[in-house]
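Report on the structure given below.
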Amino acid sequence: MRTIPSSELIINDDGSIFHLHLKPEQLADIVILVGDPGRVAMVASFFDEQECAVSNREFNTVTGTYKGKRMTVLSTGIGIGNIDISVTELDALANVDFATRREKERKRQLTLLRLGTSGAIQPDIRVGDFVFSRTSVGFDGLLNYYKGRNEVCDLAIERAFMKHTGWSELLPKPYFIDADRSLLELFRDIAVEGITVAAPGFYAPQGRWVRLEPADNRLNEKIESFEYEGRRITNFEMEGSALAGLAALMGHRAATMCTIIAQRIAQDACTDYKPFVREMIRTALDRLATL
C-alpha cells in the first residue's frame, strides 16, 4: 500500500490538515459547504450545540449537532480551485491514517451538500427559487486532470453540448457529472431540478461583459437553447462540478443546491437575498437530519 509523502499531504504540527486546519476527529459525516466564510455562522446558528470552530484563510469550519445529527459546515471561498483543496482534504481527514500516511482499509463515506447562490438563465426560474443541480457542467477543466474522469461523467450529453455550442478548442473540455441520486430524491419536492454550469470565473466565463468582451458573445444564447432528452441548462454558479466529480471519484455522495439571486434573462439581481438563503439553509438542515 502506498505511503503518501509529506509533500503530497501536508499535516501541520498540531496534527491538522494543511489548508483546512481540521483534525480527523473534528469532521462529521454530513458536511455543508458554503462559499462565503460569513455564511458559516449563519448555518451554525441553527445548530443545537457547537463542539468546535476552526478558521484558516477563507476556510471557516464549525462542527455541531442539529436535531441530534452531527454536522460540519465549512466555507470554501469562491471557485473551483478551492473545491479541489476542500474536497481532497475532507477525504483525507476521513480516509487517510495520518500516523502511517496510508489509506484506511475501511472507507468512510461523507455526505457533501453545497448550499450556494446562483443566477438563472431560463425565464421561468425566479429570484428566490431553489435549484438542485441534478447535473453539473464543469467549464473549469479540473476533473480532466484526474484518472477515471470518463467513468463518472455523462459522455453522451457532453458530446451533444459541444456540438450544439460549437465549443472552442481554446477552452477546457466541459464535463457533465450527476449529483448523488439519494440526495436528489431527498430534495426533489422543494427545488427546481436543473443542469447547472460551474464557470471558472464570474465575468466572461458566465457571459458578462464589463470592459472586456467575451470571446464568444453568443455562448450564453447557445447554452440557454441547449436541450437534451427534454432537459435544459438552468443556472450558473462556480463550484458544483468539481464537488460532484471529485466526490464521485472518491466514493462520497455530493450535491449542490442554490438560491437564485439573479435573473440573467430579465437582467435583474437581488442584493438583499439573505432571507432566501436562510430559508434554504433551514430546509436543507431539516432534510439532512433525516439521514
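The values are calculated or read from the model by the stated rules, or taken from the named source; none is laboratory data. This structure is a prediction, so every number in the text was calculated from the model and none was measured. Glycine gets a Cβ as well: all are built from the backbone with ideal geometry, and neighbour counts include every protein chain shown. Each accessible area value is taken on the protein alone, full model and side chains, heavy atoms only, with ligands, DNA and RNA left out. Shrake-Rupley method; radii C 1.70, N 1.55, O 1.52, S 1.80 Å.
Data for the structure
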item	result
Residue list for the range 184-194, restricted to those being touching a Phe, Trp or Tyr at 6+ places or on another chain (Cβ under 8 Å) and open to solvent by less than 100 Å² (accessible area, probe 1.4 Å)	184, 187, 190, 191, 192, 193, 194
Residue match in the range 197-215 (condition: open to solvent by less than 60 Å² (accessible area, probe 1.4 Å), under 22 Å from residue 232 (Cβ atoms) and assigned to a strand (DSSP E or B))	yes
Contacts under 8 angstrom Cβ, first residue in the range 212-241 being closer than 24 Å to residue 77 by Cβ, partner of a type in the set (Phe, Trp, Tyr), 6 or more apart	212/203; 238/202; 241/139; 241/175
Yes/no for residue 122 being closer than 26 Å to residue 285 by Cβ, among the polar types (S, T, N, Q) and either without any contact (Cβ under 8 Å) to a residue 40 or more places away in the chain or touching a Lys or Arg at 6+ places or on another chain (Cβ under 8 Å) (or both)	no
Identity of the residue in the range 129-148, open to solvent by 20 Å² or more (accessible area, probe 1.4 Å) and touching a strand residue (DSSP E or B) at 6+ places or on another chain (Cβ under 8 Å), that ends up farthest from residue 253 (Cα to Cα)	129
Tabulated pairs, the range 254-266, first open to solvent by 10 Å² or more (accessible area, probe 1.4 Å) and among the aliphatic types (A, V, I, L, M), second modelled with pLDDT under 95 and not in a strand (DSSP E or B), C-beta under 6 angstrom, 6+ apart or interchain	261/270; 261/273; 265/123
Enumerated strands (runs of 3 or more DSSP E) restricted to the range 1-67, each holding at least 3 residues that are free of Cβ contacts under 8 Å to residues at least 60 places away in the same chain and surrounded by fewer than 17 Cβ atoms within 10 Å (Cβ to Cβ)	49-56
Given (1) surrounded by 18 or more Cβ atoms within 10 Å (Cβ to Cβ); (2) of a type outside the set (Lys, Arg); (3) within 18 Å of the chain's Cα centre (by Cα); (4) not in a loop (DSSP other than H, G, I, E, B), index of the condition residue 223 fails	(3)
